[in-house]
Amino acid sequence: RVLALAPRASSAAFGDARARACAYATTTTARTTSATTTTSTLASSVTSAARRWHSIASAAPSSTPASNGADAITIMTFNVLCPEYKRASNGGASGRESEDMAAAEARAEATLAEIASLDADVVCVQEFWHASEGIASLWRERLRECGYEAMHVTRRTSGRCDGLLTATKRDVEVLDARDVLFNDCGDRVATAVRLKKAGVEMIVVNTHLLFPHNENSSLIRLRESFKILGFLHEMFNEPTLRGRKLPIVITGDFNGTNNGRVFRFLTSQGFVSALDSTIDAAKRKAWVSHKNHHGELVGVDHMFLLNPSSQITPIGVSWKDAVFAMVRAKIVEKGLVDDVSAFAAFDENGDGTLSRDEFAEFANNIGLCGEKSPGLLPAELEALYESLDKDGNGLVDFGEFVERMDIKGMAACLADPSDSMDISDYMSCSASDRVILPLTDSWDQDMWDDGDLRIERASLPDVMIRGEWPDDYCSDHGPLTATFSLRKF
C-alpha cells in the first residue's frame, strides 16, 4: 500500500501540536527544559520542546552519518515500539500507552525528531502504528517536512495494529515496492523495495522477525528468512530483473543476535553485517540495540548487504526444503530411524498412501504445530504436502515419501558423534547448498567490483555501542544507520 503524503502542515498547526506535546510532558515528568524560540526545522523544534522523551542521536555527533552526497546512500532501521505494545502506568485497563493518546503523540514527536536528526535517505520502521489514523497522519506530515517523498506501509496479517513503514527521500526513486507476507504463526511480514539513486539500482528489504517466545522461535525466524530470500529469487526471475544482479540490503528487527541462527545463515550466504564489519571485535561483542520487557540489553537490529560480486549463484532458498529437514529430524527424535517405519507412522489406515489429513495429523503428533512448537500453520502444511505429491494425484505413495524424506540418511547424520550440527544447521543446508559449515568470513572490504556498494560506516548511538541504555529513550530499540558508497554499472 502506497499512501499519499498529507500536505505540508501550516506553521500554526505545527506549533499547536508542539505545544500540546510540551504541555503533556510538563505534567507527566519533573524533567523539563525550557522551550526555545520557534525554528524552521522539525528536528530543532521538537528537540527544543519540554518533553519527557529525549534524543540521543543528535547529542552524539560520532553516531550521526555525515551528509549524504549524490554518490552515497544512507539507510536507517528503527523499531519505534507500537503504543499498543508499550506498557504504561497510565495506560488504562489494558496498561498500554495506546489508551493515552497524549502520551503516544508526545513519544511519536520525539521518535520523529530522532529520525530527522539522522537524515537518512531511506528509513525502515518496524512496529508502525497504522491502526491509529491520528498517529499515522502525524508521521506523514513530519516525514514530508523532512523531505521524504513517499511512504509504503506493509500491514501485518490477521488484522494486527502495526506493520512496517518504508520512507524515501525525494532524490531516491522508488521503482517497485511489494509486500512479503510470511503467512505464519507470528503474522510477520517484510517489504521489498527496488529503488534507484544516482543511477544505481538496489533492493532494500525491511522486516521484523518473530520475537523469541520459546526454544522453537529461532527455527521460525530462520524459516521467515528463507521466505524473504525465496521472494527475492522470484523477483530476480521476473522479466524486469532476469539476468541482472543488484545489491541487496536486508534490514530490520531480527529478534536475534550476531551469534543467532538467522545471522549465521545470512552471513553464510554472502551477506555482510554493515555494523559488525565496520567496528572492532570488542565493540562487536558489546553493542546492544534493544532493551526488552525483561530489562535485558541485546543486539537484535541488523543491516545486511549482499553485493552483486558475492552473488555467485542465483539468489534463492527453499523454505519447504528447510522445513522438511526439520520434519526429518523430528521424526528421528521420535525413534523412527528408517523410511519404512516412518511411512507406517504417517499411514494411519495402512492403505499404502498418505492423505492430507494423515500428513497433518502426524505433523501435530511430532510437535510441529500449536503452542511452543515450530508453529506450522495449515497453509504451510498444505504447501509441504503438495510438494510431496509429485504426480499431483492427491495422495503420497511410499516412493514419493522416500524421495523427499530420506529418514535413514538423517538418522545416520544425527547418530554421527563427529557431527555437531543442530536442527537449524540442517534446515540451512537443506534450504541452500551455499551454506558453509563451519562458517567463514571471506568478504573483503577492499574488494570493490563494478556495481557493488561499499560500506562506508554504520553505527548505533554511542551509548548503545558501549553496551549501555539511555534513560527515558523514545523507544525500546535504537536506530541503526549505515552509509554506502554508490558505484554505477
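Within the full protein context, the accessible area of residue 469 is estimated at about 50 Å² for a probe radius of 1.4 Å. Excluding ligands, DNA and RNA, the accessible surface per residue across segment 354-416 is 48 Å² with a 1.4 Å probe. Label-to-label distance for residue 454 and residue 338 is 6.1 nm, based on points extended 7 Å past Cα in the beta-carbon direction. For residue 391 and residue 259, the FRET efficiency from 1/(1 + (r/R0)^6), where r spans their Cβ atoms and R0 equals 45 Å, is about 0.55. Fraction of C-alpha pairs exceeding 11 angstrom in segment 269-309: 69 percent, rounded to a whole number.
If Lys and Arg each add +1 and Asp and Glu each add -1, what is the summed charge of the other residues whose beta carbon sits under 12 Å from the beta carbon of residue 234?
Working: positive: 178, 227, 242; negative: 238.
For residues surrounding residue 234, the net value is +2.
Over all Cα atoms in segment 147-195, the spread is summed up by Rg and Dmax: 12.1, 38 Å.
Calculated over segment 142-274, the projected area of the Cα convex hull averaged across directions stands at 9.1 nm².
Volume per residue for segment 234-351 equals 210 cubic angstrom (convex hull of Cα atoms). Against the compact-protein benchmark of 2.2 N^0.38 Å, the Cα-based radius of gyration of segment 137-220 scales to 1.27. Computed over the Cα atoms of segment 179-232, pair by distinct pair, the Kirkwood hydrodynamic radius stands at 12.1 angstrom.
What shape does segment 94-181 have by the C-alpha gyration tensor, where a ≥ b ≥ c are the square roots of the eigenvalues, rounded means a/c under 1.5, and otherwise prolate means a/b greater than b/c and oblate the rest? Judged from the Cα gyration tensor, segment 94-181 comes out oblate (a/c at least 1.5, b/c at or above a/b).
Quick check: net charge around residue 475, other residues with Cβ under 10 Å of its Cβ, Lys/Arg +1 and Asp/Glu -1? Mind dumping the intermediate values first?
Values: positive: 86, 107, 291; negative: 114, 127, 476.
Once positives and negatives cancel, what remains is 0.
Solvent exposure of segment 193-283 amounts to 31 Å² per residue of accessible area, where only protein heavy atoms count and the probe is 1.4 Å.
Going from the alpha-carbon gyration tensor of segment 289-412, what semi-axes, largest first and in whole Å, does one get by taking the root of 5 times each eigenvalue? Please list the in-between numbers first.
Numbers: eigenvalues 215, 83, 41 Å².
After diagonalising the Cα gyration tensor, the semi-axes are 33, 20, 14 Å.
Need one number: % antiparallel among DSSP beta bridges in segment 80-167, to the nearest 5. Could the numbers behind the result be given before it?
Numbers: 11 of 11 bridges.
Restricted to segment 80-167, the bridges split so that about 100 percent are antiparallel.
Determine, from the Cβ-Cβ distance of residue 198 and residue 293 and an R0 of 35 Å, the FRET efficiency 1/(1 + (r/R0)^6), rounded to the nearest 0.05. FRET efficiency, residue 198 to residue 293: 0.25. Counting only residues at least eight positions apart within a chain, or on another chain, the aspartates and glutamates with an alpha carbon under 14 Å from that of residue 227 are 179, 184, 187, 321, 380.
Roll a 1.4 angstrom probe over the protein heavy atoms and tell me the percent of accessible area of segment 244-311 that is carbon or sulfur. About 47 percent, which is the carbon plus sulfur part of the accessible surface.
The values are calculated or read from the model by the stated rules, or taken from the named source; none is laboratory data. Keep in mind that this is a model prediction, so the values were computed, not measured. Because the Cβ atoms are built from the backbone with ideal geometry, glycine has one as well, and the counts that use them run over all protein chains shown. Areas reflect the complete protein model, heavy atoms only, side chains present, ligands, DNA and RNA absent. Shrake-Rupley method; radii C 1.70, N 1.55, O 1.52, S 1.80 Å.
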